[in-house]
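A short worksheet on the structure shown next.
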């Protein structure tokens with residue numbers, strides 16, 4: 001079994017107060033389209049488990065024309081299996097090597113047939129096994145397939161889009177509760193070098209007395225070399241700030257320095273509401289068509305010298321989670337799921 005498939009195997013074993021989530025993000029900047037799919041299992045503290053399927057399609061050619069759909073159904077209409085891994089929600093299925101499905105809501109619809117070659121090496125965001133086996137943080141995250149190239153076909157309402165080697169990333173997360181707040185960003189479509197990869201995750205797991213310490217980690221792949229900033233001290237002291245409109249960071253790892261700016265103009269971000277297994281809401285602000293500039297510095301005679309500047313126009317993903325809503329961004333999916341309660 002590939003390591004990527006092993007990291008996709010379900011962790012849920014029937015316990016209550018649990019969620020398990022698989023996501024895939026695909027971007028094709030040449031066709032001004034990006035797709036984000038979210039397969040969800042929720043086992044509440046009381047009541048029967050259910051599943052959800054979320055589909056978001058972003059139109060980079062113009063704001064305000066995005067598709068946002070959610071379906072929910074009892075767990076009896078789903079299957080979550082390992083060896084081989086498969087998560088089927090109604091008519092839609094995700095495996096370690098592809099995804100097929102369809103989701104509809106009134107006049108909106110998204111269909112997809114996606115195939116990829118699984119990655120040989122998954123990416124684990126946290127630095128050691130203890131983060132994944134213990135109670136802290138409350139929700140675990142890893143990327144079984146961090147550097148995908150996806151081919152296939154997508155149906156967005158009446159528009160049919162053919163994908164050939166489109167950059168993508170696939171995630172797996174699980175646990176009892178979302179963090180107090182968090183942020184996540186990724187980009188695999190830099191104009192100057194399509195092989196460069198970027199990812200950032202910020203999480204405030206819980207309060208520590210009056211404090212709310214934030215951990216921020218980064219992954220960069222530049223010139224076929226992976227740079228990971230995820231030591232505990234690095235995560236707690238990273239120079240980084242973000243909100244629903246963008247992200248700025250300036251981090252150093254050895255003889256490399258990475259400075260980045262992500263911008264998500266109003267109209268490119270959609271507001272959603274997730275719910276913990278206990279029913280508490282957390283507000284999500286998501287886009288797959290943000291802009292990004294990444295500057296890579298190297299040291300020369302003790303001083304930082306700019307080596308490369310990379311740009312991504314409308315193909316960077318950004319998600320911000322908060323326990324309080326943003327009054328400036330309307331929520332397009334907000335009602336709690338009633339299935340299985």
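Observations on the model:
- Cβ-Cβ contacts under 7 Å between residues 6 or more apart (or on different chains), taken from a first residue in the stretch 1-26 that is free of Cβ contacts under 8 Å to residues at least 40 places away in the same chain to a second residue that is assigned to a strand (DSSP E or B), are listed as 15/43.
Rundown of residues vs (1) surrounded by 24 or more Cβ atoms within 10 Å (Cβ to Cβ); (2) closer than 24 Å to residue 67 by Cα; (3) in contact with a strand residue (DSSP E or B) (Cβ under 7 Å, 6 or more places away or on another chain); (4) without any contact (Cβ under 8 Å) to a residue 40 or more places away in the chain, yes/no style:
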residue	(1), (2), (3), (4)
149	no, yes, yes, yes
156	no, yes, yes, no
185	yes, yes, yes, no
188	yes, yes, yes, no
196	no, no, yes, no
219	no, no, yes, no
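- If you filter the stretch 255-273 down to residues that are surrounded by fewer than 21 Cβ atoms within 10 Å (Cβ to Cβ) and modelled with pLDDT under 95, you find that the one that is farthest from residue 30 (Cα to Cα) is 255.
- Single residue of 90, 60 found to be modelled with pLDDT under 95, surrounded by 21 or more Cβ atoms within 10 Å (Cβ to Cβ), within 20 Å of residue 153 (Cβ to Cβ) and touching a helix residue (DSSP H, G or I) at 6+ places or on another chain (Cβ under 9 Å): 60
- Residue 205 being out of contact with any helix residue (DSSP H, G or I) (no Cβ under 7 Å at 6 or more places or on another chain), within 23 Å of residue 130 (Cα to Cα), modelled with pLDDT under 95 and surrounded by fewer than 21 Cβ atoms within 10 Å (Cβ to Cβ): yes
- Taking the stretch 276-339 as the region of interest, none of the strands (runs of 3 or more DSSP E) fully inside it holds 3 or more residues being surrounded by fewer than 22 Cβ atoms within 10 Å (Cβ to Cβ), in contact with a helix residue (DSSP H, G or I) (Cβ under 8 Å, 6 or more places away or on another chain) and at pLDDT 95 or above.
- Of residues in the stretch 238-254 being surrounded by fewer than 18 Cβ atoms within 10 Å (Cβ to Cβ) and at pLDDT 90 or above, the one farthest from residue 123 (Cα to Cα): 243
- If only residues of the stretch 104-120 that are surrounded by 12 or more Cβ atoms within 10 Å (Cβ to Cβ) and free of Cβ contacts under 8 Å to residues at least 40 places away in the same chain are counted, the one that is nearest to residue 34 (Cα to Cα) is 115.
- Test: residue 75 is surrounded by fewer than 19 Cβ atoms within 10 Å (Cβ to Cβ), within 19 Å of the chain's Cα centre (by Cα) and within 23 Å of residue 18 (Cα to Cα): no
- Cβ pairs under 8 Å, 6+ apart, first in the stretch 121-138 and more than 15 Å from residue 7 (Cβ to Cβ), second at pLDDT below 90 and part of a helix (DSSP H, G or I): 127/232; 137/131
The values are calculated or read from the model by the stated rules, or taken from the named source; none is laboratory data. Owing to the predicted nature of the structure, the values given are computational and were not obtained by experimental measurement. Ideal geometry is used to build each Cβ from the backbone, glycine not excepted, and the neighbour counts take in all protein chains shown.
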